[in-house]
Amino acid sequence: MAVTLPTPNESEQVYRPPSRWEKLKERLEILTNSNIAIIGLFLVGFWLFVALFADNCIISPVQCLFSEDWEATPWIARYSPFETFRGENLKGPSSEHWLGTDRNGRDLWARLAYGARPVLTLAPASIFIALVIGGTLGVVSGYYGGLTDEIIMRALDALMAFPQILLYLVIIAALGPSALNIVLAITIAGVPGIARLVRGLTLDIKTRDYVAAAQTRGEHPMYVMAVEILPNASGPIIIDAMLRIGYAIFSIGTLGFLGLGLPPPSPDWGSMVSIGKSFIQAGHPWDSMWGSLAIASIVVGLNLLADGMNEQLNRYR
Amino acid sequence: MGTENNGRGEPVVSVQNLGIAYETRTGDVNAVKDVTFNIYRGETVGIVGESGCGKSTLAYGLVNYLGRNGKIAHGDITFQGSSLVGRTSEELRRLRGDRIAMVFQDPMTSLNPVLRIGEQMMEVLTVHKGISDKEAFDRCVEMLGQVNMPDPARVMERYPHQISGGQQQRVVVGMAMLNNPALLLMDEPTTALDVTVEAAVLDLVNVLRKEFDTAILLISHNMGIIARVSDRVGVMYAGELIEMADVHEIFKNPRHPYTQGLIRCLPKLGRGKAESVLYPIRGRVPDPKDLPPGCLFAPRCDYVRDACNETRPQLRDLSEGHVTRCIFSEDIVAEDWTPPPGLIPIFEEQTESDEMADTLLSINNLQTYYPHGNTFLGFGEREFVKAVDDVSFDVFKGKTLGVVGESGCGKSTLIKTIIGLEEKTGGDAVFNDTDIGNRVSRRDLTTIRELQMVFQNPDSTMNPSYSVGKQIERPLRRFKTVPQSEIRNEVIRLLRAVKLDEFYYDRLPRQLSGGEKQRVGIARALAGRPDLVLCDEPVSALDVSVQAAVINLLLEIQKEFGTTMIFIAHDLSVVRFFSDFIAVMYLGQIVEIGPADEIYKPPYHPYTEALLSAVPIPDPAVEQTKIRLEGSVPSPLNPPSGCRFHTRCPRRSLLPNNGAICEQEVPPWRDVGDGHRIFCHVPLEELRAMDPVVQAPEPVAAD
């Protein structure tokens, strides 16, 4: 029992402030400690990878996006999503076309890989904008309370009263289907929910003593909200945002399915499902199946990631 | 250990070498180790210790309520002759039956909010024992009477939220006693209650023990509570039982350094900072994953010798019924202890001449009302919670005003109004010739800087997102106390002032203990070099040893910087120790104010008298007059007419016509002299004639 151990003397322990790397490592541990989060990270990471390296665009993104002369060469997508193979239409998976071809003879794997791009840019972008607007409204509403709170929340309630899908249809139908309008529609639909969440968190955090301490220093309300309240609400907000990106991907898929997504011939998972569904009974389920699987896997991935992070955050508290 | 039997027959419960461990991902954590004790019929055993010492785990272990990851690692629990260890939960349930009952800290966790009190109490009898409704009802009413519940039949019809916290706890105790258990476990049963209510619940514990002959295990961190109700006391430290003896023996002749330290770091009621000093225990409770190899207390012990670090001491009999876990118990006598150098009273006895110091803060007829409820579109009369109503006092430069009172008496609202977090409704507040009747956002930077606050809750006083250094820096930048280039040095200087090392600069709040967080909170308040620091219960959430250190720190700071303080606390011993002047508040008003030592001896306001009678004193030899207040604090929405205390006042009978005047007229301020004023109808002569509430067994030498 009596093992010679150095007497712990906690107050004289040499303390070294954590380096930048250690801080980053600690953050990452939140993810890697949870099995669920790792599966989620893998699924989301897979689609990110595919989207990034579908072609060689990554070498020179600016030219790729804005130069007419530049033509990207497919990398992991293998073919261009627009390239049609004569006589190869409606084929099942083969060594030539891994996932098969669609009715126009285009490679399904290429369509799927390129289709990941709009999904993975539009959904996060719209949620980010919604986060900025909804977060601001929520924190202001929660911090000031009273009439301010009443006005903001009732206005958002009115917005929430519309069924989301109806809201999308109205906005897209009015403004026409384009990437920008999809972002706009998803942003508008996302703001009320985020504002509600942030308001709730603010109501809780503003009762903490450190907020009172800031107020007794005579800090400006902007300072209190931005420096004292929001950083402590960031955990739940980030997790909520992950889930919302998942829902936004669903929404983009839905819009594509309804023909309100990106205009053809752009590769789009939702329209793949929609167009492919007429060939399911003809023994060619591939278009619909790959499209659905892609949407499902990335949404499930984001959900798992959010769940895993939530679990870890709760453990920290 | 058979020596403690004293012919009381078989123990109700016998714990032998009990060890309880929690399984965690990094291996088992031993929360309780080698605990051995017996409890006999009609006996109350108190378990005391700081947080994290395994007290609650021990209680949960006895009822096998350890959660999924808890397990009994070794040892045995024998309850009425049969072992409780290693049995399935079904067997345990049968063995134990309804013979063990448990009372928790928060009564609302034990009561179902959607059921009437009667329904939940009767259920205990009708469901498990098949007693008829009628009979069960009568038994419950009888039981409520036994737990001193006023008007038991009516209470049966109420919902839990309709009765006060103290009454809720009495219902819980009553419910626990319905099955006439052999063993009653109480885990901090009064911690959530006010001191007057606490006193009533503790009286009840004593009654239960006598009337029902129940064995009671009472767990508390408060030495005063333990001293009042226990027959025998066990002291726990880091999961081990380190000393156990008769209650008088523990307090008079403690033989373990930790027990001695616990007693030494408590302020004695009636002693002030001028004549006594608190001796905190250095260091903190070791992490159960990283224990010292020898005696667990060795790193913090003043008597530590080489032998202490070699082997872990075992419990041993010291004398009849006195066990200890210290190798050198025979050598360490509490009276022979000499304080370490540097710990001497730092405040000189006040001389009469400096009584008339400058007034720093002057409050006149201050009122703070909160609007209550919603009116429909502004129609209808608005109701107000009169949180602070007509309060006047002066605070002198360099002095401390203590404010005491039960929860809801308005003491927090009072200081929130002074600091500008709430807006006053009426009256004046003048600080340093500046009017401070406005909100903090309308004050100029100098006034803001000179008024700072220390908060109650160590866990929320610091923003968890930023390092210690960043949080102390902010007021320095904002108030421009020091030039930009000096900020880091100033932070380190402040950290040193609150006895924290430089390396705390980069630490995050979650890496700090409660006491350390509270120190950072103090450093942050001091950063602007304020003239007046408002302390809202700064030590009430801390363990006693840490509490002593923080109080000493505040005193040193006051001495060094000449800071004026307003100190709120509900613990009368702490307030007395810390303050020069004390104001006693009841329902938004000050009922008595004066120099600290005057408050603690007659003449008293009847409310002060009741408070003093209720305060648990950590010395079983002290005699306290038993004055218990009836009912609960009335609603501040609609306070009683005349004297607000008349509904509960035990001294009304001193006045003609049983104090009819108390209901009709606002009492006069009776001036005792020396700034001591009492807000009461009872003439001074009669108040003077009252007996002191607290009687020490022998005259205290230092007074």
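The values are calculated or read from the model by the stated rules, or taken from the named source; none is laboratory data. Not measured: the values here are computed from a predicted model. When we count neighbours, we look across all protein chains shown, and the Cβ atoms used for this are built from the backbone with ideal geometry, even at glycine. Ligands, DNA and RNA are excluded from the accessible area calculation, which covers all protein heavy atoms including side chains. Shrake-Rupley method; radii C 1.70, N 1.55, O 1.52, S 1.80 Å.
Could you derive backbone 3J(HN,Hα) for region B:39-48 from the dihedral phi with the Karplus parameters 6.51, -1.76 and 1.60 (θ = phi - 60°), listing whole Hz in sequence and x where the residue is Gly or Pro?
Values, residue by residue: 10, 9, 4, x, 10, 9, 9, x, 10, 10 Hz.
Which FRET efficiency value, to the nearest 0.05, do you get for B:Glu560 and B:Glu320 by plugging their Cβ-Cβ distance into 1/(1 + (r/R0)^6) with R0 = 45 Å?
Calculated value: 0.35.
Measuring with a 1.4 Å probe in the full set of protein chains, what accessible area per residue, in whole Å², belongs to region B:437-516?
Result: 45 Å² of accessible area for each residue.
If I stretch the segment between B:Thr126 and B:Leu684 completely, what's the gain in nm (0.36 nm per residue apart, minus their alpha carbon distance), one decimal?
195.3 nm
Which shape class applies to chain A: rounded if a/c is under 1.5, otherwise prolate when a/b exceeds b/c and oblate if not, where a ≥ b ≥ c are the square roots of the Cα gyration tensor eigenvalues?
Since a/c reaches 1.5 but b/c is at least a/b, the shape of chain A is classed as oblate.
Of the heavy-atom accessible surface of chain B (probe 1.4 angstrom), what whole percent is carbon and sulfur?
Using a 1.4 Å probe with all protein chains present, chain B comes out at 47 percent carbon and sulfur.
Under 17 Å Cα-Cα from B:Lys480, which lysines qualify once same-chain neighbours fewer than 8 residues away are excluded?
Filter leaves B:Lys470.
Can you grab the distance from the C-alpha centre of region A:129-188 to the C-alpha centre of region A:208-287, Å, no decimals?
If we compute the Cα centre of each part, the gap is 13 Å.
Share of antiparallel DSSP beta bridges in the protein assembly as shown, in percent to the nearest 5?
Close to 65 percent.
How big is D, in µm² s⁻¹, for region B:597-669 by Stokes-Einstein at 4 °C and 1.567 mPa s if Rh is the Kirkwood radius over C-alpha pairs?
94 µm²/s
Straight-line reach only, C-alpha to C-alpha below 26 angstrom: list the lysines that B:Lys210 could link to, leaving out same-chain residues fewer than 8 apart.
Leaving aside lysines fewer than 8 places away in the same chain, those within reach of B:Lys210 are B:Lys55, B:Lys129, B:Lys252, B:Lys626.
Taking accessible area as the heavy-atom solvent-accessible surface of the protein chains with a 1.4 Å probe, which residues of region A:212-251 lose no less than 20 Å² upon going from the isolated chain to the full protein assembly?
By number: A:Ala212, A:Ala213, A:Gln215, A:Thr216, A:Arg217, A:Gly218, A:Glu219, A:Tyr223, A:Val227, A:Pro231, A:Asn232.
Based on Cβ point charges of +1 for Lys and Arg and -1 for Asp and Glu, what charge dipole magnitude is obtained for region B:576-637 about its Cα centre, in debye rounded to the nearest 20?
About 160 debye.
Give a quick list of GluC sites (Glu not before Pro) in region B:623-703 that DSSP marks as loop, anything other than H, G, I, E or B, with at most 11 other Cβ atoms within 10 Å.
Here the sparse-neighbourhood loop sites are B:Glu630.
Suppose R0 equals 45 Å; then what is the FRET efficiency for A:Ser94 and B:Thr26 from their Cβ-Cβ distance, rounded to the nearest 0.05?
It comes out at approximately 0.30.
Sum up the charges of everything whose Cβ sits under 10 Å from the Cβ of A:Leu108, counting Lys and Arg as +1 and Asp and Glu as -1, but leave A:Leu108 out.
Residues near A:Leu108 contribute 0 overall.
Please identify the GluC sites (Glu not before Pro) of region B:95-179 that satisfy two criteria: DSSP loop assignment and at most 13 other Cβ atoms within 10 Å. Which are they?
Loop-located and lightly packed - B:Glu157.
Would you please give the residues with an amide H less than 5 Å from that of B:Val385, counting only those at least 5 places away or on a separate chain, with H modeled from the backbone geometry?
Under 5 Å from the amide H of B:Val385: B:Tyr370, B:His372.
What are the radius of gyration and Dmax of chain B, computed over its Cα atoms and given in Å?
26.6, 80
Can you tell me the equivalent ellipsoid semi-axes for the protein assembly as shown? Use √(5λ) from the Cα gyration tensor, largest first, whole Å.
60, 37, 32
In whole angstrom, how far apart do the alpha carbon centroids of region B:39-88 and region A:20-40 sit?
A separation of 38 Å, based on Cα centres.
If you roll a 1.4 Å probe over region A:67-221 with all protein chains in place, what percent of the accessible area is carbon or sulfur?
Ligands and nucleic acids excluded, carbon and sulfur give 64 percent.
List the aspartates and glutamates whose Cα lies under 18 Å from the Cα of B:Lys386, skipping any in the same chain that are fewer than 8 positions away.
B:Glu406, B:Glu422, B:Glu423, B:Asp428
Under the rule of at least 5 residues apart or a separate chain, name every residue whose amide H is placed under 5 Å from the amide H of B:Gly437.
B:Ala429
Quick one: check the C-alpha center-to-center distance for region B:433-481 versus region B:254-285, whole angstrom.
After rounding, the separation between the Cα centres reads 32 Å.
Take every Cα-Cα pair in region B:20-126 and report what % of them are more than 19 Å apart.
So the portion of pairs separated by more than 19 Å is 56 percent.
How much accessible area is lost when chains B and A come together, counting both sides, with a 1.4 Å probe, in Å² rounded to the nearest 100?
2800 Å²
If you put +1 on each Lys and Arg Cβ and -1 on each Asp and Glu Cβ, how big is the dipole of the protein assembly as shown around its Cα centre, in Debye rounded to 20?
Using only the charged Cβ atoms, the result is roughly 2720 debye.
Would you work out the charge dipole size for chain B about its Cα centre, treating the Cβ of every Lys and Arg as +1 and the Cβ of every Asp and Glu as -1, and quote it to the nearest 20 debye?
2000 debye
For region B:247-261, in order, what is each residue's ³J(HN,Hα) by Karplus, 6.51 cos²θ - 1.76 cosθ + 1.60 with θ = phi - 60°, in whole Hz (x at glycine and Pro)?
4, 5, 5, 4, 7, 8, 9, x, 10, 10, x, 5, 4, 4, x
Give me the one-decimal nm value for the distance between modelled label points at B:Lys397 and B:Ser441, 7 Å along each residue's Cα-to-Cβ direction.
For B:Lys397 paired with B:Ser441, the spin-label model returns 3.4 nm.
Looking at region B:436-476, which residues lose a minimum of 50 Å² of accessible area between their chain alone and all protein chains in place, measuring with a 1.4 Å probe and not counting ligands or nucleic acids?
B:Phe455, B:Ser460, B:Asn463, B:Tyr466, B:Arg474
Provide the net charge surrounding B:Leu202, with neighbours chosen by a C-beta distance below 14 Å and charges set as Lys +1, Arg +1, Asp -1, Glu -1.
That sum, taken over residues with Cβ under 14 Å, equals +1.
On average over all directions, what projected area in square nanometres does region B:77-142 have, based on the convex hull of its Cα atoms?
Mean projected area for region B:77-142: 6.1 nm², to one decimal.
Given a Förster distance of 56 angstrom, what is the FRET efficiency for B:Val430 paired with B:Thr88, based on the Cβ-Cβ distance and rounded to 0.05?
Efficiency for this residue pair is about 0.20.
Hey, can you find the accessible area per residue of region B:53-189 for me, probe 1.4 Å, expressed in square angstrom?
46 Å²
What accessible area per residue comes out for region B:523-625, rounded to a whole number of Å², with a 1.4 Å probe?
Ligands and nucleic acids excluded, the result is 21 Å² per residue.
Have a look at B:Gly145, B:Cys680, B:Thr481 and report the one farthest towards the positive end of the charge dipole of chain B, computed about the Cα centre with Cβ charges (Lys/Arg +1, Asp/Glu -1).
B:Thr481
Put +1 on the Cβ of every Lys and Arg and -1 on every Asp and Glu Cβ in chain B; which of B:Asn180, B:Leu629, B:Asn253 then has its Cα farthest towards the positive end of the dipole?
B:Asn180
Tally Lys and Arg at +1 and Asp and Glu at -1 over the other residues with C-beta under 13 Å from the C-beta of A:Leu305: what net charge comes out?
Neighbour charge sum, excluding A:Leu305 itself: -2.
Please compute the contact order of chain B in relative form: average sequence separation of alpha-carbon pairs under 8 Å and at least six residues apart, divided by the residue count, as a percent.
Relative contact order comes out at 13 percent.
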